[in-house]
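Since the structure comes first, as structure tokens, the remarks are kept for the end.
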Amino acid sequence: MTLPDRDWIAAHVPHSRSMCLLDRVLQWDDAAIACAATSHTATDNPLRSTGRLGIAAGIEYAAQAMAVHGALLAARQPSGGHGYLASVRDVRWQVARLDDLDAPLRVRAQRLSGNDAYVMYEFDLQAAGRTLLEGRATVMLSAAPGFEAQ
């Protein structure tokens, strides 16, 4: 099976053009996904502020990996909705910014638990074998009964 590239990712997550931050899926299964990204080096990265891309932007990279994971799983068994990042916890970072790193990012998300209403993930970003950011996230699923996005 061919692993999804940037075009597939942009077509299956709610981000397009420069806001689609991931380049390709490196590997995935029912429990986890690993993606590659080089957009952190782009001067037109939409998450830059005052010319810099702070490490907190890594949470969006992780959220997009979770969205891709959900889209890949939904291709097997459609869920009928999108997810919304509800919370992040225990976030730890080891660097201040992403834009000064030359190496591609490896963005990983591991599903910890979930049901029809939510999914919990553990995530991390690495570059050149070094962990840059890690934490946990909860994604609320719009397919859950009574869920309405505001």
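The values are calculated or read from the model by the stated rules, or taken from the named source; none is laboratory data. Remember, predicted model here, so these are calculated numbers, not experimental data. Reconstructed Cβ throughout: ideal geometry from the backbone, glycine too, with neighbour counts over all protein chains shown.
Structure above, values below:
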read-out: All positions within region 89-119 that are surrounded by fewer than 18 Cβ atoms within 10 Å (Cβ to Cβ), in a strand (DSSP E or B) and at pLDDT 95 or above; value: R89, D90, V91, R92, R97, Q110, L112
read-out: Residues satisfying the stated conditions in region 4-27, i.e. touching a strand residue (DSSP E or B) at 6+ places or on another chain (Cβ under 7 Å) and either more than 21 Å from V119 (Cβ to Cβ) or aromatic (F, W, Y) (or both); value: D5, R6, D23, R24
read-out: Subset of region 15-48 [in contact (Cβ under 8 Å) with a residue 24 or more places away in the chain, under 27 Å from D100 (Cα atoms) and not hydrophobic (A, V, I, L, M, F, W, C)]; value: H15, S18, D23, Q27, T38, H40, T41, D44, N45, P46, R48
read-out: Any chance A74 is part of a helix (DSSP H, G or I), out of contact with any Lys or Arg (no Cβ under 6 Å at 6 or more places or on another chain) and either without any contact (Cβ under 8 Å) to a residue 24 or more places away in the chain or acidic (D, E) (or both); value: yes
read-out: Selection within region 10-28 - surrounded by 11 or more Cβ atoms within 10 Å (Cβ to Cβ), at pLDDT 95 or above and closer than 12 Å to L72 by Cβ; value: V25, W28
read-out: Positions within region 17-30 being over 14 Å from the mean Cα position of the chain (by Cα) and under 22 Å from L141 (Cβ atoms), in sequence order; value: D29, D30
read-out: Verdict on D100 being acidic (D, E), free of Cβ contacts under 8 Å to residues at least 12 places away in the same chain and at negative phi; value: yes
read-out: Hits in region 1-50 - residues which are small (G, A, S) and either closer than 23 Å to M120 by Cβ or outside any loop (DSSP other than H, G, I, E, B) (or both); value: A10, A11, S18, A31, A32, A34, A36, A37, S39, S49
read-out: Condition check for Y84: farther than 16 Å from L105 by Cβ and surrounded by 14 or more Cβ atoms within 10 Å (Cβ to Cβ); value: yes
read-out: Any hit, region 52-70, residues being touching a residue at least 40 places away in the same chain (Cβ under 8 Å), in a strand (DSSP E or B) and not charged (D, E, K, R); value: yes
read-out: Any hit, region 67-79, residues being more than 17 Å from R6 (Cβ to Cβ), charged (D, E, K, R) and over 15 Å from the mean Cα position of the chain (by Cα); value: yes
